[in-house]
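Student: Quick one: the structure is below, questions incoming.
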Amino acid sequence: MGFFDFLTEEIAIDLGTANTLIIHNDKVVVDSPSIVARDRISGKIIAVGKEANMMQGKTHENIKTIRPLKDGVIADFDASEQMISMFIKNIPALKKKLFSPALRMVVCIPSGITEVEMRAVKESCERVNGKEVYLIHEPMAAAIGIGIDIMQPKGNMIVDIGGGTTEIAVIALGGIVCDKSVKVAGDVFTNDIIYYMRTQHNLYVGERTAEKIKIQIGAATEDLELPPEDMSVQGRDLLTGKPKQVNISYREIAKALDKSILRIEDSVMETLSQTPPELAADIYNTGIYLAGGGSMLRGLDKRLSQKTDLPVYIAEDPLRAVVRGTGITLKNLSKFKSVLIK
């Protein structure tokens, strides 16, 4: 390397179904929704991230909004590549450079991902000038980001509820001992809310509105200590076709999400039942760590705790735990060599 070292920039990417985060020089420089808007006629990308997100559900036939990732994996190769490329170009420190530098990157991927999907992520990164691309499993990155010393011979359980997948893993000695990846996560919660509003209130709401409901009054149980205020929701009345507004309480959302949360609970229980006894003993003492945006659902920690009889902790900045971990790995590549997939 020698001479090329100063031409090489290091970045850590959390390529998520819902949000993409990039760390450069220990700072989160990109934190945007994973969505692009494309002009149908010219095929050009007109907006990416927050801008494209505002267009979602409000486009005419010449503009199409695309979410290039589905269930944690790349569904639209071209769009994902253009999205990553635009995000990287938007990093302030790299904008000043005369020519685009070679990149050393660590990217995190879901643990239940296939070889082909893994290669898609890798190739996307190599096309945007990634000279050295390392991959790391999401639960691993989350554990490092939460601040767990993963190299210890101690068991830790991570539940990372993202947008497309929920990753559950038991980690010890710098490796994943048992894991489960379920495709029930933030997106499914959002769709549950859309469905509930349709069936219970004859109100047709879009994805963005449902997402807003989830964030404002979403809950996992009906008995919260600090319940959020009711929320007024606007949409289209399915009977009359007129726009209308209804008031929704968190209890209704808890009902709407119940089945999906049950599936996550069952997966956690299943992972626990596959854990070797020595590690199960450790987990009894350390508890379960929650990361990812889904862990911010009110009362989810309490509900999981009641189900498993274990203490449940939420990471301090759950949305950024994974990218923080990826960034730490990037800084200490030699130390975490065993964790990375080349």
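Student: Can you give me the orientation-averaged projected area of the convex hull built on the Cα atoms of segment 117-269, in nm²?
Tutor: Details: hull surface 49.7 nm².
Mean shadow area of the hull around the Cα atoms is 12.4 nm².
Student: To continue, here is another question. Can you give the Rg and Dmax of the chain based on its C-alpha atoms, in angstrom?
Tutor: Both quantities, over Cα of the chain: 20.8, 70 Å.
Student: Same structure again: Could you run the Karplus curve 6.51 cos²θ - 1.76 cosθ + 1.60 with θ = phi - 60° over segment 230-242 and give me ³J(HN,Hα) per residue in whole Hz, x for Gly and Pro?
Tutor: Result, ordered by residue: 4, 10, 8, 10, 10, x, 10, 6, 6, 7, 9, x, 8 Hz.
Student: Residues with beta-carbon under 11 Å from that of residue 300, excluding residue 300: net charge, scoring Lys, Arg +1 and Asp, Glu -1?
Tutor: +2
Student: Then there is this: Considering amide H positions built from the backbone, and no H for Pro or chain starts, which residues 5 or more places from residue 111, or on another chain, come under 5 Å of its amide H?
Tutor: 138
Student: Additional query: Explain nothing, just compute: Karplus ³J(HN,Hα) = 6.51 cos²θ - 1.76 cosθ + 1.60, θ = phi - 60°, for every residue of segment 301-311 in order, whole Hz, x for Gly and Pro.
Tutor: Here the 3J(HN,Hα) series is 4, 5, 5, 5, 5, 5, 5, 9, 6, 10, x Hz.
Student: To make sure I understand the rule: partners must be aspartates and glutamates, Cα under 12 Å from the Cα of residue 154, and not fewer than 8 residues away in the same chain. Which ones qualify?
Tutor: Counting by Cα, and skipping residues close in sequence, residue 154 has these aspartates and glutamates nearby: 278, 282.
Student: Taking every alpha carbon pair in segment 44-85, what does the distance histogram look like in 10 angstrom bins from 0, in percent?
Tutor: Reading upward from the zero bin: 28, 57, 15.
Student: Moving on. Using only alpha-carbon positions, what ratio does the radius of gyration of segment 1-91 give when scaled by 2.2 N^0.38 Å? Mind showing how you got there, number by number?
Tutor: Working: Rg = 14.6 Å, N = 91, 2.2 N^0.38 = 12.2 Å.
For segment 1-91, the normalised Cα radius of gyration is 1.20.
Student: For segment 9-158, compute Rh as the Kirkwood radius over C-alpha pairs and then the Stokes-Einstein diffusion coefficient at 4 °C and 1.567 mPa s; write the answer in µm²/s, rounded to an integer. The partial results should precede the final answer.
Tutor: Details: Rh = 16.3 Å.
It diffuses with D of about 80 µm²/s by this estimate.
Student: May I pose another question? Please work out how much length the chain gains when fully extended from residue 284 to residue 200, using 0.36 nm per residue of separation minus the C-alpha to C-alpha distance, in nm with one decimal. Let's see the in-between values first.
Tutor: Details: separation 84, 0.36 × 84 = 30.24 nm, distance 4.06 nm.
Working it through step by step, the gained length comes to 26.2 nm.
Student: Also, I was wondering about something else. Express in Å², to the nearest 10, the accessible area of residue 137 obtained by rolling a 1.4 Å probe over the protein heavy atoms while all chains stay in place.
Tutor: Surface open to solvent at residue 137 totals about 50 Å².
Student: Across segment 82-93, in residue order, what do the Karplus-derived ³J(HN,Hα) couplings come to in whole Hz, using 6.51 cos²θ - 1.76 cosθ + 1.60 with θ = phi - 60° and x for Gly and Pro?
Tutor: In residue order, the calculated couplings are 5, 5, 4, 4, 5, 4, 5, 5, 7, 5, x, 5 Hz.
Student: Using Stokes-Einstein with the Kirkwood hydrodynamic radius over Cα pairs, what translational diffusion coefficient do you get for segment 101-186 at 20 °C and a viscosity of 1.002 mPa s, in µm²/s rounded to a whole number?
Tutor: For the chosen part, D equals 156 µm²/s.
Student: Rounded if a/c is under 1.5, else prolate if a/b beats b/c, else oblate: with a ≥ b ≥ c from the C-alpha gyration tensor eigenvalues square-rooted, which is segment 261-342? Before the final figure, lay out each step's value.
Tutor: Details: a/c = 2.30, a/b = 1.43, b/c = 1.61.
Oblate shape, in that a/c is at least 1.5 and b/c is the bigger or equal ratio.
Student: Tell me, what % of the accessible area of the chain is carbon and sulfur with a 1.4 angstrom probe?
Tutor: Summing carbon and sulfur atoms, their accessible area is 51 percent of the total for the chain.
Student: Measuring with a 1.4 Å probe in the full set of protein chains, what accessible area per residue, in whole Å², belongs to the chain? Don't skip to the answer; put the middle values down first.
Tutor: Numbers: 16360 Å² over 342 residues.
Result: 48 Å² per residue.
Student: In terms of Cα to Cα distance under 20 Å, which lysines are near enough to residue 342, apart from those fewer than 8 places away along the same chain?
Tutor: In chain and number order, the partners are 122, 131, 331.
Student: Considering the alpha-carbon set of segment 183-330 alone, what are its Rg and its Dmax in angstrom?
Tutor: Over segment 183-330's Cα set, Rg and Dmax evaluate to 17.6, 61 Å.
Student: Still on this structure, I have one more. Going down the list 64/97; 214/244; 50/97; 97/335; 212/337, which pairs span over 28 Å between their C-alpha atoms? Walk me through the numbers before you get to the answer.
Tutor: Details: 64/97 32 Å; 214/244 19 Å; 50/97 24 Å; 97/335 30 Å; 212/337 40 Å.
Violating the 28 Å limit, Cα to Cα: 64/97; 97/335; 212/337.
The values are calculated or read from the model by the stated rules, or taken from the named source; none is laboratory data. For clarity, every value in this text was computed on a predicted model and none was experimentally measured. Using ideal geometry, Cβ is built from the backbone for each residue, glycine included, and neighbour counts are taken over all protein chains shown. Ligands, DNA and RNA are stripped out before the accessible areas are found, and what is left, the full protein with its side chains, is counted by its heavy atoms. Shrake-Rupley method; radii C 1.70, N 1.55, O 1.52, S 1.80 Å.
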